[in-house]
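Engineer: For reference, the structure I am asking about is given below.
Only the coordinates and a few stated rules stand behind these numbers; no lab work does. Keep in mind that what you see is a predicted model, and the values were worked out from it rather than measured. Cβ sites come from the backbone with ideal geometry, for glycine too, and all protein chains shown count toward neighbours.
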Amino acid sequence: MKKNNEIELYGKVAKMPKNLKASEAYNELQKIKIDSKKIWYFIIENTVNIKNDGEQEIVQVIKYNPDNRVDLKDFLNDLKSFYNVNDKEIYEHIKKVKIVGSKDFIAISNISNTEINGKKLISIIVEDLVRILYE
């Protein structure tokens, strides 16, 4: 892992500072001249205020390399299936998570503020996304 101005690089994945807008994250990668052949995705954790629901944490995954053919929405649905098979405790919480977007951009919302083994669910999701996309 390399850190560059709070950007954590894991192989072809850049984990951006929290609460950054997607456009700001994209511009930051452009500003420090990170080639899209080196970084395929960037991930951002955000806290948003949703009418009638209050604050909610979301995770955004954005394709930075347009030539990468992975469909992010399908990929995230596969992650849900992975948890269903491999970790029933996480799956019970993640099955309520909503995934919206397209093949190039997804937002994961409705993430409960649950802790599992001392870790927030949002952190578990982000770590697993980085690990899977890193491989």
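Engineer: Relative to the longest principal axis of the chain, what angle (0 to 90°, nearest 10) does the C-alpha long axis of helix 72-86 take?
Structural biologist: That works out to roughly 40 degrees.
Engineer: Another question, if that's okay. In 10 Å bins starting at 0, how do the alpha-carbon pair distances of the chain split up by percent?
Structural biologist: P(r) over the chain, rounded to whole percents: 12, 44, 35, 9, 0.
Engineer: Describe numerically, in nm with one decimal, the distance between label points set 7 Å from Cα along Cα→Cβ at residue 50 and at residue 112.
Structural biologist: 1.4 nm
Engineer: At 0.36 nm per residue, and after removing the present C-alpha to C-alpha distance, how many nm does the segment from residue 32 to residue 91 gain when stretched out fully?
Structural biologist: 17.5 nm
Engineer: Can you spot the lysines whose alpha carbon is less than 21 Å from residue 119's alpha carbon? Ignore those fewer than 8 places along the same chain.
Structural biologist: Those lysines meeting the cut-off are 15, 18, 80, 88, 95, 96, 98.
Engineer: Measure nothing fancy, just the Cα-based angle from helix 121-134's long axis to the longest principal axis of the chain, in degrees from 0 to 90, nearest 10.
Structural biologist: Between the helix axis and the principal axis of the chain, the angle is about 40 degrees.
Engineer: Give me the angle, in degrees from 0 to 90, between the Cα long axis of helix 22-31 and the longest principal axis of the Cα atoms of the chain, rounded to the nearest 10.
Structural biologist: 30 degrees
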